[in-house]
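Student: To start, I am sharing the structure in question, which I have written as structure tokens.
The values are calculated or read from the model by the stated rules, or taken from the named source; none is laboratory data. Treat the numbers as computed from the prediction; the structure is a model and nothing was measured. Neighbour counts run over all protein chains shown; Cβ positions are idealised from the backbone, glycine included. With ligands, DNA and RNA removed, areas are computed over all heavy atoms of the protein, side chains included. Shrake-Rupley method; radii C 1.70, N 1.55, O 1.52, S 1.80 Å.
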Amino acid sequence: MPRIALFPGSFDPFTNGHLDIVWRGVKLFDEVVVAIGTNSSKQRYLPVEQMVALIAGLFEDEPRVSVRTFKGLTAEFAREVGASYLLRGLRTSPDFEYEKPIAYGNQLVNVDLETVFLLTSPALSAVSSTIIRDIHRFGGNVDALVPFPLPPPAR
Ligand code: ADP
């Protein structure tokens, strides 16, 4: 049985911090599925189809990484793709406090699912999608924070 990890998130946008987690996940698991959740009622900064294509482009030579979108419960989607592990990144203590009830909730939905936390590489601990959106929205340069040129936001 391949060891499959689901790496769920909003990825709006996908950042160098996320990329770091994926590459480190690939060392631990046979496959990593980057899963963009689309149930949120809040509007995305960049369209999900655009983000899927950009992320997939990063991994076109790495068949062990795939990109999917999903609606509904993360733990159910993990079951659907055969993932026994949920991969999440931790930057700060508030990240941990935020993640803890989510991990417990996911385990209630799917007892076979183990959440695995990787500590952010120190140089990337200040990288967040929120900061990137805030800079990019006003025309600032975010090239050092993202693994691909970011398209302009839809108006
Ligand atoms: P969510 O909306 O589910 O928090 P995000 O797209 O913001 O989704 O993040 C997805 C995952 O990536 C989360 O586990 C988050 O903690 C982690 N993450 C975010 N930024 C970084 C970073 N700079 N380094 C490592 N992990 C990160």
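Student: Going through segment 133-152 one residue at a time, which ones are surrounded by fewer than 13 Cβ atoms within 10 Å (Cβ to Cβ) and in a loop (DSSP other than H, G, I, E, B)?
Tutor: Selection gives Phe138, Gly139, Gly140, Asn141, Asp143, Ala144, Pro149, Pro152.
Student: Go through segment 96-116 and count every residue that is touching a helix residue (DSSP H, G or I) at 6+ places or on another chain (Cβ under 7 Å) and within 10 Å of the ligand (Cβ to nearest atom).
Tutor: The total comes to 1.
Student: Now for a separate question. Looking at segment 18-125, what strands (runs of 3 or more DSSP E) fall wholly within it and have at least 3 residues that are of a type in the set (Val, Ile, Thr), open to solvent by less than 60 Å² (accessible area, probe 1.4 Å) and under 28 Å from Met1 (Cβ atoms)?
Tutor: On the way: elements: 31-37, 65-70, 85-90, 114-119.
Because the criterion is at least 3 residues that are of a type in the set (Val, Ile, Thr), open to solvent by less than 60 Å² (accessible area, probe 1.4 Å) and under 28 Å from Met1 (Cβ atoms), the strands (runs of 3 or more DSSP E) in segment 18-125 that meet it are 31-37.
Student: Can I ask one more? Only one residue in Val48, Val26, Val34, Val22 is more than 23 Å from Arg91 (Cβ to Cβ) and under 14 Å from the mean Cα position of the chain (by Cα). Which one?
Tutor: Result of the check over Val48, Val26, Val34, Val22: Val48.
Student: Right, next: Test each condition in (1) more than 17 Å from the chain's Cα centre (by Cα); (2) farther than 22 Å from Asp30 by Cβ; (3) open to solvent by less than 80 Å² (accessible area, probe 1.4 Å) for Thr130 and report the one that comes out false.
Tutor: Every listed condition holds for Thr130 apart from (1).
Student: Within the set of pairs 6 or more residues apart or between chains, which connect a residue that is without any contact (Cβ under 8 Å) to a residue 60 or more places away in the chain inside segment 18-35 to a residue that is part of a helix (DSSP H, G or I) with Cβ atoms less than 6 Å apart?
Tutor: Val32/Val22; Val32/Gly25; Val32/Val26; Val33/Val81; Val34/Ile55
Student: Here's a follow-up. Determine which single condition Val109 fails, assuming it passes every other condition in (1) closer than 21 Å to Leu28 by Cα; (2) of a type in the set (A, V, I, L, M, F, W, C); (3) at pLDDT below 95.
Tutor: With respect to (1) closer than 21 Å to Leu28 by Cα; (2) of a type in the set (A, V, I, L, M, F, W, C); (3) at pLDDT below 95, Val109 is out only on (1).
Student: Among what's in segment 1-47 and is small (Gly, Ala, Ser) and away from the ligand (no atom under 11 Å from the Cβ), pick the residue that is nearest to Ala126 (Cα to Cα).
Tutor: Only one residue fits best here, namely Ala5.
Student: Could you list, ordered by first residue, the pairs with Cβ atoms under 9 Å in which the first is in segment 92-105 and closer than 24 Å to Ala126 by Cβ and the second is part of a helix (DSSP H, G or I), at least 6 apart or interchain?
Tutor: Once the first residue is closer than 24 Å to Ala126 by Cβ and sits in segment 92-105, its partners that are part of a helix (DSSP H, G or I) give Ile102/Thr74.
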